[in-house]
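The values are calculated or read from the model by the stated rules, or taken from the named source; none is laboratory data. Note that this is a predicted model, so its numbers are computed, not measured. We place every Cβ from the backbone using ideal geometry, glycine too, and count neighbours over all the protein chains shown. Quick note on the areas: whole protein, heavy atoms, side chains included, nothing else; ligands and nucleic acids left out. Shrake-Rupley method; radii C 1.70, N 1.55, O 1.52, S 1.80 Å.
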Amino acid sequence: MVFSVAVAGASGYAGGELLRLLAAHPDFEVRTVTAHSNSGQRLVDVQPHLRSLSHLVLADTDATTLAGHDVVFLALPHGASGALTAQLSADTLVVDCGADHRLESEADWAAFYGGDYFGAWAYGVPELPVGGGRQRDRLIGARRIAAPGCNASTVALALAPGILAGVIEPADIVAVLAVGPSGAGKSLKVPNLAAEILGSANPYAVGGSHRHIPEIQQSLRWAGATGPTVSFTPVIVPMSRGILATSTARLVPGTSAAAVRHAWESLYADEPFVHVLPTGQFPRTADVLGANTALIGLAIDEAAGRVVTVTAVDNLVKGTAGAAIQSANIALGLPETRGLSTNGVAP
């Protein structure tokens with residue numbers, strides 16, 4: 001069976017990456033693409049790398065245009081999805097790549113986003129532990145899925161095994177991320193101009209203000225953490241895409257190095273897209289470019305009494321569009337890996 005697909009927000013980076021992956025997916029047929037200011041233009045004029053979809057024209061983003069498809073992917077600004085999704089059929093699989101349906105806590109939404117709260121959907125990171133199982137258990141048969149925040153899922157994947165196994169403490173978690181500016185979207189912002197970022201590393205949302213913090217804490221609570229505290233600092237670096245997250249946590253006293261490695265390797269042993277590297281190896285962002293893969297390097301800082309993880313993802317693939325398609329595959333009963341690759345692009 002081929003599923004008909006609409007992609008809203010097709011002119012942006014996340015929308016473009018969704019379309020790149022969907023174009024090669026054997027079970028999905030992209031029939032409709034929508035945008036706001038680019039409505040009426042040919043898709044290929046806005047996304048010139050998508051040559052196989054050159055027949056498509058960007059339509060207005062509204063419920064009428066999106067109706068009648070088997071699957072709708074939304075790659076819209078935060079706050080723009082909630083009211084729109086309420087108008088779509090309950091039988092349609094809707095995958096929201098924005099933040100509107102990620103947080104279970106209305107108070108967290110109000111504190112970090114503001115505006116109307118539209119409730120939480122099944123969370124689109126299948127590998128994360130929750131309720132004695134994995135998030136994929138909640139995705140089977142789902143018709144509403146919230147794709148993750150790229151930074152949030154990267155940190156959660158990096159630390160959830162230690163929380164679940166009880167080998168790291170949930171307080172005093174520190175994560176510093178080098179991120180590419182594509183994660184901030186395609187709209188023009190002075191801090192993201194080439195003249196501002198080339199030859200420079202620029203921190204932002206410093207001091208606990210980043211919107212992905214409650215999402216990280218939520219995922220760690222699902223893994224078993226009580227009252228996790230996360231100090232999270234992202235730094236824009238001059239690469240168009242990618243995340244390299246260095247996440248550390250206090251080691252539970254008396255825990256052996258073997259127990260730490262077992263926690264990570266056992267949780268992800270059978271996962272096709274999350275790989276724990278051998279002892280002494282650490283990933284580069286170049287290793288995951290274009291792939292739906294998270295690579296995790298693991299070490300113990302004996303002097304500091306901390307576990308150190310270094311995790312690399314492509315923010316537009318495993319961080320967003322790839323996670324959305326992976327989750328949609330599960331919801332529809334397709335092989336989880338369909339249309340997704342673990343191979344990156346090099347050099």
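In this structure, residue 337 does not satisfy being at negative phi and either aliphatic (A, V, I, L, M) or in contact with a Ser or Thr (Cβ under 6 Å, 6 or more places away or on another chain) (or both). In segment 113-140, the residue that is farthest from the chain's Cα centre (by Cα) out of those that are closer than 28 Å to residue 208 by Cα and among the hydrophobic types (A, V, I, L, M, F, W, C) is 118.
Tell me yes or no: at least one residue of segment 81-88 is outside any strand (DSSP E or B), of a type in the set (Ser, Thr, Tyr), surrounded by fewer than 20 Cβ atoms within 10 Å (Cβ to Cβ) and on the phi < 0 side of the Ramachandran plot. No; the residues of segment 81-88 include none that is outside any strand (DSSP E or B), of a type in the set (Ser, Thr, Tyr), surrounded by fewer than 20 Cβ atoms within 10 Å (Cβ to Cβ) and on the phi < 0 side of the Ramachandran plot.
When residue 52 is tested against (1) closer than 30 Å to residue 192 by Cα; (2) in contact with a helix residue (DSSP H, G or I) (Cβ under 6 Å, 6 or more places away or on another chain), only condition (2) is not met. Filter segment 27-47 for residues that are in a strand (DSSP E or B) and not hydrophobic (A, V, I, L, M, F, W, C); which is least open to solvent (accessible area, probe 1.4 Å)? Among those that are in a strand (DSSP E or B) and not hydrophobic (A, V, I, L, M, F, W, C), it is 34. For segment 296-337, a residue qualifies if it is under 19 Å from residue 148 (Cα atoms) and of a type in the set (D, E, K, R), and the qualifying residues are 314, 318, 336. For segment 327-346, the criterion of being closer than 17 Å to residue 160 by Cβ, more than 19 Å from the chain's Cα centre (by Cα) and not acidic (Asp, Glu) is met by none of the residues. Within segment 184-196, the set of residues being at pLDDT below 85, surrounded by 11 or more Cβ atoms within 10 Å (Cβ to Cβ) and not small (Gly, Ala, Ser) comprises 186, 189, 191, 192, 193. When residues in segment 1-21 are screened for being among the charged types (D, E, K, R) and either open to solvent by less than 10 Å² (accessible area, probe 1.4 Å) or part of a loop (DSSP other than H, G, I, E, B) (or both), 1 of them pass. Quick one: is residue 24 more than 22 Å from residue 98 (Cβ to Cβ) and part of a loop (DSSP other than H, G, I, E, B)? So residue 24 fits the description; yes. Number of residues in segment 267-285 that are surrounded by fewer than 19 Cβ atoms within 10 Å (Cβ to Cβ) and under 21 Å from residue 326 (Cα atoms) equals 5. The set of residues in segment 212-222 being open to solvent by 10 Å² or more (accessible area, probe 1.4 Å) and either over 19 Å from residue 315 (Cβ atoms) or at pLDDT below 95 (or both) consists of 217, 221, 222.
Residues that are without any contact (Cβ under 8 Å) to a residue 60 or more places away in the chain, within 16 Å of residue 274 (Cα to Cα) and surrounded by fewer than 24 Cβ atoms within 10 Å (Cβ to Cβ) within segment 296-334 comprise just one, 297. Identify all residues within segment 89-99 that are in contact with a strand residue (DSSP E or B) (Cβ under 9 Å, 6 or more places away or on another chain) and either charged (D, E, K, R) or assigned to a helix (DSSP H, G or I) (or both); write none if there are none. Selection gives 96 alone. Scanning segment 227-270 for residues that are of a type in the set (S, T, N, Q) and outside any loop (DSSP other than H, G, I, E, B), we see that the one that is farthest from the chain's Cα centre (by Cα) is 266.
Taken over segment 275-300, the criterion of being under 20 Å from residue 346 (Cβ atoms) and assigned to a strand (DSSP E or B) is satisfied by 275, 294, 295, 296, 297. Using the structure shown, decide if residue 343 is in contact with a helix residue (DSSP H, G or I) (Cβ under 9 Å, 6 or more places away or on another chain) and not in a helix (DSSP H, G or I). Taking the combined requirement at face value, the residue does not satisfy it. Note on segment 48-80: residues that are in a helix (DSSP H, G or I) and either open to solvent by less than 20 Å² (accessible area, probe 1.4 Å) or aliphatic (A, V, I, L, M) (or both) total 3.
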